[in-house]
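Quick notes on the structure that follows.
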Amino acid sequence: MKAATLARIAEAQAGRRALVVVTRLADGAQCMVDAAGCSGELGLAPAQLAEAASLRQSGRCGALETLPGSFARAYVPSPRLLIVGAVHIAQALAGMATTAGYEVTVIDPRGAFASPERFPGVTLSDEWPDEALARLGLDAATALVALSHDPKLDDPALELALPSTLFYIGALGSRRTHEKRLERLRAAGLGGLTGRIHSPIGLDLGGRAPAEIAVSILAEIIRVRYKGAAA
């Protein structure tokens with residue numbers, strides 16, 4: 001692989017941006033497909049570009065059916081889970097999500113909650129959610145769950161999350177709590193985006209214990225990641 005291509009891949013990975021490298025096997029000509037389009041010495045027709053873009057979204061690799069004699073390799077960011085609220089459910093969810101391959105960060109400015117003793121081995125942030133999310137960035141390989149049940153923490157996170165490309169947004173709370181949340185978000189001018197929020201959060205597995213709820217949340221995140229929100 002050419003040095004310029006390797007440098008572009010490294011830059012994209014550092015910025016958590018997905019891209020696909022398409023190689024024509026006959027002569028080694030390559031191009032890169034990212035959110036901005038296609039660049040490189042190999043030109044792609046619209047159908048080929050659409051197929052490469054599909055691989056970029058799914059993270060899959062393989063030959064392009066629309067370009068015989070080619071190979072496309074996807075380079076995508078590792079999946080990430082941002083948890084707002086260091087509550088009991090978060091304790092169980094953080095460990096489960098880490099085991100499932102997610103990079104987990106728990107965000108809570110309340111030091112008594114977000115402590116290493118309660119979250120051993122988990123990345124913690126004691127910033128306010130809006131500050132933490134602005135620093136961490138919100139991309140299409142990231143999921144966010146708001147679990148604090150405190151509007152002072154959850155609402156600022158949701159206000160940043162809704163216009164972003166996050167693949168999953170969930171918020172803990174009853175239907176009544178969620179209706180009040182929607183009212184506040186509509187007042188903030190985000191009414192057209194509130195349908196992105198999964199609430200009640202998690203698949204309806206019937207569980208009630210914190211660990212059982214954590215299982216249902218992680219299951220829903222995984223389902224949405226691979227099958228989409230409408231699956």
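Residues Thr142, Thr194, Thr66, arranged from fewest to most other Cβ atoms within 10 angstrom of their Cβ, appear as Thr66, Thr194, Thr142. Exposure proxy ranking for Ser125, Ser164, Ser58, based on other Cβ atoms within 10 angstrom of each Cβ and starting from the fewest, stands as Ser58, Ser164, Ser125.
How far is helix 46-58 tilted off the main Cα axis of the chain, in degrees rounded to 10, range 0 to 90? It works out to around 40 degrees. Highest GNM mean-square fluctuation among Ala112, Ala36, Ala74, for the chain modelled with Cα contacts below 10 Å: Ala36. Taking the DSSP beta bridges with both ends in the chain, the antiparallel portion is around 45 percent. Of the residues Cys38, Cys61, Cys31, the one with the fewest other Cβ atoms within 10 Å heads the list, and the complete ranking is Cys61, Cys38, Cys31. Reducing the stretch 125-163 and the stretch 1-53 to their Cα centroids gives an inter-centroid distance of 31 Å. As a length-normalised measure over Cα pairs under 8 Å and 6 or more apart, the relative contact order of the chain settles at 14 percent.
Near Ser115, once Lys and Arg are set to +1 and Asp and Glu to -1 for all other residues with Cβ below 14 Å from its Cβ, the sum equals -1. Using every pair of separate Cα atoms, the Kirkwood estimate puts the hydrodynamic radius of the stretch 3-75 at 11.9 angstrom.
Couplings 3J(HN,Hα) for the stretch 131-136, derived from phi with the Karplus relation 6.51 cos²θ - 1.76 cosθ + 1.60 (θ = phi - 60°), are 5, 5, 5, 4, 6, 6 Hz, where x marks Gly and Pro. Here the chain is described by how far its Cα atoms reach on the three principal axes: 59, 37, 32 Å, from widest to narrowest. For Phe113, nonlocal amide neighbours, meaning residues 5 or more places apart or on other chains whose placed amide H falls under 5 Å from its own, do not occur.
Values quoted throughout were computed directly from the atomic coordinates according to the rules given, and no laboratory measurement underlies them. Remember, predicted model here, so these are calculated numbers, not experimental data. FYI the Cβ positions are ideal-geometry reconstructions off the backbone, even for glycines, and counts take in every protein chain you see.
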